[in-house]
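Report on the following structure.
Quick note: the coordinates plus some simple rules give every number you see, no bench work behind them. The structure displayed is predicted, hence computed values, not measured ones. Because the Cβ atoms are built from the backbone with ideal geometry, glycine has one as well, and the counts that use them run over all protein chains shown.
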Amino acid sequence: MKVFLHTRSPEHRDWLNEKREFARIPVVGEHVAISSDGPWFKVELVVHTPFPCEFDAEVYAVAVDHLQVLNEALDG
């Protein structure tokens, strides 16, 4: 699926916008990583685009501490 991915850090409001390919469209609450050594991002908003355009969806995601996410998920 073609996704227009908007990412940012929690401290900054400047979005980094890039084209990405996903096996499926990410869902709000999921986490995505765009590189093996980069930050994880929590999906905050998904805008589906079921009309003729370049993308299947726009996804907005904010960087998170992956160790905190793992601890909460595995210790919870």
| said: With +1 assigned to the C-beta of every Lys and Arg and -1 to the C-beta of every Asp and Glu, and no other charges, what is the dipole magnitude of the chain about the Cα centre in debye, to the nearest 20? | reply: 220 debye
| Antiparallel as a % of all DSSP beta bridges within the chain, to the nearest 5? | 75 percent
| request: Could you tell me which GluC sites (Glu not before Pro) in the range 22-76 are loop residues by DSSP with no more than 10 other beta carbons within 10 angstrom of their beta carbon? | output: 54
| Taking the chain on its own, what percent of its Cα-Cα pair distances exceed 21 Å? | 27 percent
| field | Among 47, 27, 10 the positive-end extreme of the charge dipole of the chain (Cβ point charges) | value | 47
| field | Cα-based helix-to-principal-axis angle, 66-75 vs the chain, degrees rounded to 10 | value | 70 degrees
